[in-house]
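The structure under discussion appears below in the form of structure tokens.
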Amino acid sequence: MVNAVIDHVLLYVGMTLVSIGAAYDVIAGIGMIRFPNFYVRLHAATIGAVGGAALPLVGVALIALASDQLGSYRFGVCMVCLLTAVAILITAPTGSHILAYAAYKARASPREPCVHDALRNFIKEGGEEE
Amino acid sequence: MLSWFVPIITSVFLVAFTLYIVRVVRGPTLPDIVLAIDCLSYDLAVFVALMSLYYGTPFLVIGALLLSLWAFIFDVFISKYLVRKDLGGG
């Protein structure tokens with residue numbers, strides 16, 4: 001009885017998290033299409049990584065805990081999903097920061113719709129060896 | 001319950017895949033393409049986890065971890081190429 005109630009609660013909370021994550025993912029895709037610049041598209045990429053990938057993976061982990069079909073493998077699936085969510089939360093901001101630094105330093109993408117460039121006096125441009 | 005929930009969520013994720021692939025094809029410079037491929041591989045990780053739930057096979061979900069770590073390696077190599085103009089181990 002108590003186990004059935006806990007399974008239903010886990011299933012519905014997981015389904016809610018996966019639905020919210022899918023909505024975040026479509027919003028990030030629309031932003032990735034419509035934003036004008038690489039440095040603005042980084043914001044949409046962050047939404048797509050944290051809200052669109054890490055949150056649904058937590059939801060999938062909760063659904064897998066309540067699933068009967070997986071048998072005794074459900075704890076393994078839950079742990080791998082949580083591990084993937086933590087790995088995305090660590091590596092996605094680091095990767096986009098490295099990419100933004102390299103693109104700024106090598107002038108690999110245009111900065112044209114620019115309001116304020118605070119890094120102009122701090123990072124040496126050109127990309128060659130100094 | 002999962003038999004109607006997973007196809008609906010998968011179709012929503014396919015819409016997001018299409019938007020990212022449009023940016024990959026249209027992207028004017030290299031960092032745009034790399035950023036869109038990063039988001040695409042994170043979403044493929046979620047897609048693989050959902051497929052593992054839907055078919056009830058627990059070994060599919062290992063691919064999700066490898067996809068999410070591959071995107072970071074891709075970022076690091078492209079950044080090193082952009083700054084130093086070579087991929088050597090120096």
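Just so you know, all these numbers are worked out from the coordinates, no wet-lab data involved. Everything quoted here is computed from the prediction, not taken from an experiment. Cβ coordinates were reconstructed from backbone atoms using ideal geometry, including for glycine residues, and neighbour counts include every protein chain displayed.
Considering region A:29-38, and only residues there that are more than 7 Å from chain B (Cβ to nearest Cβ) and surrounded by 16 or more Cβ atoms within 10 Å (Cβ to Cβ), the residue that is nearest to the chain's Cα centre (by Cα) turns out to be A:Gly31. Just give me the residues in region A:1-22 being closer than 18 Å to B:Leu14 by Cβ and either in contact with a Cys (Cβ under 7 Å, 6 or more places away or on another chain) or more than 8 Å from chain B (Cβ to nearest Cβ) (or both), in sequence order. Passing the criteria: only A:Ile20. Residue count for region A:58-86 under the criterion of being among the small types (Gly, Ala, Ser), surrounded by fewer than 20 Cβ atoms within 10 Å (Cβ to Cβ) and at the interface with chain B (Cβ under 7 Å from one of its Cβ atoms): the result is 1.
Comparison of B:Ser52, B:Ser3, B:Ser79 shows that the only residue that is assigned to a helix (DSSP H, G or I) and more than 7 Å from chain A (Cβ to nearest Cβ) is B:Ser3.
All of (1) in contact with a Ser or Thr (Cβ under 7 Å, 6 or more places away or on another chain); (2) closer than 24 Å to A:Asn37 by Cβ hold for B:Ser68 with one exception: (2).
Scanning region A:90-127 for residues that are within 30 Å of B:Val61 (Cα to Cα) and either surrounded by fewer than 16 Cβ atoms within 10 Å (Cβ to Cβ) or among the hydroxyl-bearing types (Ser, Thr, Tyr) (or both) turns up A:Ile90, A:Thr91, A:Pro93, A:Thr94, A:Ser96, A:His97.
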